[in-house]
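Some notes on the structure that comes next.
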Amino acid sequence: MYAASVPVFQRYLGQLSRMVDAGAAQSCDLQARLVPDMLPLGLQIDIATQFSLRACAPLAGLEVPPFGQGSATFADLHARIDRAQAFLAALTPAQMAGSAQRLCTDQAGQATVTLPGEAFLAQYALPNFFFHLTSAYALLRQQGVPLGKADFDGWHQYG
C-alpha cells in the first residue's frame with residue numbers, strides 16, 4: 001500500500017509544484033474557473049494537495065493533519081504542497097502494513113465514504129487526487145500557461 005500511494009503522491013505533488021510555478025510566472029488568476037459552477041484554480045490545487053494527506057494518513061493509521069483555510073496566493077499554495085511533501089516523507093512502509101484491509105473513512109461532499117484501504121486508495125483517493133490535479137492543469141492551460149503532458153507526468157518527452 002505504501003508503494004502504491006506515497007511515491008505516487010510525492011511524484012505528482014512535485015509535478016503540481018512545477019505547474020504552480022508556471023502559473024505564478026504568468027500571474028494566473030487563482031479564482032479562474034472553466035465554468036461558473038466549477039471550483040476555482042486555487043481550490044483545485046488545495047484539494048489535490050489535501051487528497052494526498054486524506055489518502056495516506058488513514059492508510060498509516062493516523063489522523064489527517066489539519067490544513068486550515070484555502071490558499072490565497074501562489075506562495076500559500078507552495079507552502080501547502082511543501083507541508084504535504086514533508087508529511088509524506090515522514091511516512092514509512094511499516095506504518096501502512098496491513099492497511100489494505102483497514103477501514104478508511106473520508107468525507108466526499110455530503111457523503112461519508114468508508115472502504116477497506118485497498119479500495120479506498122485505488123477507487124476513491126487516487127481518482128479524486130488526479131481529478132483535481134487535472135482540473136488545475138486544465139485551468140492553467142486555459143489561462144495560457146504553456147504546459148503539456150510532459151509537465152503533467154514528468155515522463156513524456158517531445159521534440
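The values are calculated or read from the model by the stated rules, or taken from the named source; none is laboratory data. Nothing here was measured: the structure is a model prediction, and the numbers come from that model. Here Cβ is always computed from backbone atoms with ideal geometry, including for glycine, and neighbour counts include all displayed protein chains. Ligands, DNA and RNA are excluded from the accessible area calculation, which covers all protein heavy atoms including side chains. Shrake-Rupley method; radii C 1.70, N 1.55, O 1.52, S 1.80 Å.
The residues Ile81, Ile47, sorted by heavy-atom accessible surface at 1.4 Å with ligands and nucleic acids left out, run Ile47, Ile81 from largest to smallest.
Only one of the listed values, [x] 9.0; [y] 9.5; [z] 10.2, was derived from the coordinates as mean projected area of the Cα convex hull in nm²; which label is it? Computing mean projected area of the Cα convex hull in nm² and matching it to [x] 9.0; [y] 9.5; [z] 10.2 gives [y]. For the listed peptides 140-147, 54-61, a ranking on the average number of other beta carbons within 10 Å per residue, highest first, reads 54-61, 140-147. Its DSSP H runs of at least 4 residues, each contributing -39,500 (n - 2.57), put the calculated 222 nm mean residue ellipticity of the chain at -17000 deg cm²/dmol, to the nearest 500. Length gained on full extension, Asp37 to Ala138: 34.8 nm, using 0.36 nm per residue less the C-alpha separation. The residues of segment 1-124 expose on average 48 square angstrom of accessible surface per residue, using a 1.4 Å probe on protein heavy atoms. The Cα center of segment 1-45 and the Cα center of segment 108-159 differ in position by 8 Å. The overall shape of segment 41-106 is prolate: from the C-alpha gyration tensor, with semi-axes ordered a ≥ b ≥ c, the ratio a/c is 1.5 or greater and a/b exceeds b/c.
Taking label positions 7 Å along the Cα-Cβ direction at both Thr114 and Phe131, the computed distance is 2.1 nm, reported to one decimal. Can you classify segment 25-74 as rounded, prolate or oblate using the Cα gyration tensor, where a ≥ b ≥ c are the square roots of its eigenvalues, rounded means a/c under 1.5, and otherwise it's prolate if a/b beats b/c and oblate if not? Verdict is prolate for segment 25-74.
State the percentage of accessible surface on the chain attributable to carbon and sulfur atoms; use a 1.4 Å probe and exclude ligands, DNA and RNA.
Details: 4460 of 7840 Å².
Percent of accessible area from carbon and sulfur atoms in the chain: 57.
Please sort through the DSSP H helices of the chain and keep those with an alpha-carbon extent of at least 30 Å along the long axis and a Kyte-Doolittle average not below 0.0.
Numbers: long enough: 2-25 (34 Å, 0.33).
Span-like helices here: 2-25.
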